[in-house]
Amino acid sequence: MKRFILILSVVLFVQEGKTQDTQEIQLPNAPPTPTASEQASLIEAIRNVAVQYTANLPNFICNETIQRQQLSQSSKSWKSLDVHVLEVTFLDGGDVPKLISINGKATSKTLNDVGGFTSSGDFGRTLHMIFNPKSDAKFRWERWTSLRGHPTHVFSYSIDKAHSEYDVSFKNGSMSKRDFFAWHGLVYVDRETQSVMRLTHETEGIPVDWTISASRGELDYHFAEIDGKRILLPVRGVAGASWRDGSQSRNLMEFSNYRQFSTQTIIRFEK
């Protein structure tokens, strides 16, 4: 029996069937394309925030609901496997996920115990990996768009393997592989706040002798208020992988019930 445990440093795969809240819409009467100087200044402004993002987050707890799905080589529709609920504690700059239920039933298992394709949330590591100066990311302004009704810059980026922190590993029986890969994607930057509201990413150059053949991803952020401060937090994401046998796995993730670690204050997301 195959048992895959894919441990990723970032969230993977692209969600299909977006809701209106997540749908990208063409921006009518778009502003002029920013000049090269304006683009460079914007990237530096984002970088200054992104590399310190997790360090500046308050301590909190939230719930993460993960719907695991699979698509076989011969099928055209995704099959639901199970639903995991995690309690994620974010403390002093790092997140610790704890599996608390499977299909609505309490469990003492860990993510490593459940087998199959597992994943957990990303509260800022991907942002850091993209904008960390050591990554030497190459940015290019692509277009204007409208995201949740806000004018939004779309930048593409690419990071070569020599500078990559994108760590992919898997286990299949006695076989295990781990390596860093080149990767690329898009970042969506709100024009007014200069905050990254969405990011995508995709690996490059996974060897043919690996069981996994591809990985790509998306993560959405939204502003919330906690302890009187307006902060940016993940609201949804998708983690997934394509395998050499033609099948695919994906985990649809929703983050909810954010609450302050010390007082259990509920965080309310803005509309």
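Every number here is computed from the coordinates shown, using simple stated rules; none is lab data. Worth saying up front: this structure is predicted, and the values here are computed from it rather than measured. No Cβ is skipped: glycine too gets one built from the backbone with ideal geometry, and neighbour counts run over all protein chains shown.
When you restrict to C-alpha pairs under 8 Å that are six or more residues apart and normalise by the size of the chain, the relative contact order lands at 25 percent.
Across the chain, the longest run free of exposed loop sites, meaning GluC sites (Glu not before Pro) lying outside DSSP classes H, G, I, E and B with no more than 10 other Cβ atoms within 10 Å, spans 17-191. Of all aspartates and glutamates in the structure, those lying under 19 Å Cα to Cα from residue 76, and not within fewer than 8 positions of it along the same chain, are 16, 245. Classification of the chain by its C-alpha gyration tensor yields an oblate form. The axis ratio a/c (a ≥ b ≥ c) is 1.5 or more, and b/c is at least a/b.
If the cut-off is a Cα-Cα distance under 17 Å, which aspartates and glutamates reach residue 98, setting aside same-chain residues fewer than 8 apart in sequence? Once the sequence-local aspartates and glutamates are set aside, what remains near residue 98 is 64, 82, 87, 113, 122, 254.
Simple rule: put +1 on each Lys or Arg Cβ and -1 on each Asp or Glu Cβ in the chain, find the dipole, and look at 55, 72, 89; the Cα lying farthest toward the positive end is 72. Site pair residue 63 and residue 177 shows an inter-label distance of 3.8 nm when each label is modelled 7 Å from Cα along Cα→Cβ.
Note on 160, 190, 82: ascending count of other Cβ atoms within 10 Å places them as 82, 160, 190, the fewest first. Over region 105-220, Cα pairs under 8 Å with separation of 6+ residues give a relative contact order of 16 percent. With R₀ set to 30 Å, the beta-carbon distance separating residue 112 from residue 214 gives a calculated FRET efficiency near 0.85.
Between residue 56 and residue 79, what FRET efficiency comes out of the Förster formula 1/(1 + (r/R0)^6) with R0 = 35 Å and r the beta carbon distance, rounded to 0.05? Could the numbers behind the result be given before it?
Numbers: r = 40 Å, r/R0 = 1.16.
Rounded to the nearest 0.05, the efficiency is 0.30.
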